[in-house]
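Below is one structure; the comments refer to it alone.
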């Protein structure tokens, strides 16, 4: 995926339904996982972190390129949401900061240290934090397009907070964030801010398959994000139909 006039790569808004419970501390972005090189476990899923020998993914292997793409994704998200809020007669306040970390507990959200192999939006401090080693590994294994999904999903959680979105079940807010991430990417592709490279759509599908909940996890359980099929459907619904498909108004 390319940013226009750049080397590579990866836009939504309205009103809302209310129900009950948005995490006061951290909102997981659907990308928590177990230890590297092990199958996904627990509440959410993520690609296993590959070693250097597993690195592949359309030539996107350098940390420098990861940083460029991640920075571009943040900037595009800020402009995208600012435009959507402005069109609705509102002022958008960008998420305060995006924080990389390398060790468990190095960054805290609501007094709780964040684990390794994680990407999360922390509503308590209004920031996105991500394990940079895990994120670079996913970037190398899955591809650069998935990086825009990761950032888009976490940024969507920040937008949900700004809009006052509340749901009874975490799966509802997580699938909506997937849809919003899809809209963010799809709208920017349609407006030619981003250009898809061959294989980018497959990268999105591959990444979404990797972060789905275990099939036997109850949908109503705290921390549920949705099956791989549900997450893929939500993302591509937003990608194809923009924010109108995401239940924001």
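The values are calculated or read from the model by the stated rules, or taken from the named source; none is laboratory data. Given the structure is predicted, the values throughout are model-derived calculations rather than measurements. Please note: Cβ atoms are built from the backbone with ideal geometry, for glycine as well, and neighbour counts cover all protein chains shown.
So the values come out like this:
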quantity	calculated
Exclusive hit being touching a strand residue (DSSP E or B) at 6+ places or on another chain (Cβ under 7 Å) and either part of a helix (DSSP H, G or I) or surrounded by fewer than 18 Cβ atoms within 10 Å (Cβ to Cβ) (or both), set 145, 104	104
In the stretch 168-225, residue modelled with the highest pLDDT [restricted to those that are in a loop (DSSP other than H, G, I, E, B) and touching a strand residue (DSSP E or B) at 6+ places or on another chain (Cβ under 9 Å)]	193
Near pairs, Cβ below 8 angstrom, 6+ apart or cross-chain, from the stretch 163-182 (on the phi > 0 side of the Ramachandran plot) to any residue that is part of a loop (DSSP other than H, G, I, E, B) and surrounded by fewer than 23 Cβ atoms within 10 Å (Cβ to Cβ)	164/16; 164/18
Lone unmet requirement of (1) touching a helix residue (DSSP H, G or I) at 6+ places or on another chain (Cβ under 9 Å); (2) at pLDDT 95 or above; (3) closer than 26 Å to residue 191 by Cα for residue 66	(2)
Residue under evaluation residue 128, criteria (1) outside any helix (DSSP H, G or I); (2) modelled with pLDDT under 95, criterion not met	(2)
Residue count, the stretch 58-101 (criterion: assigned to a helix (DSSP H, G or I) and either in contact with a strand residue (DSSP E or B) (Cβ under 6 Å, 6 or more places away or on another chain) or under 27 Å from residue 204 (Cβ atoms) (or both))	26
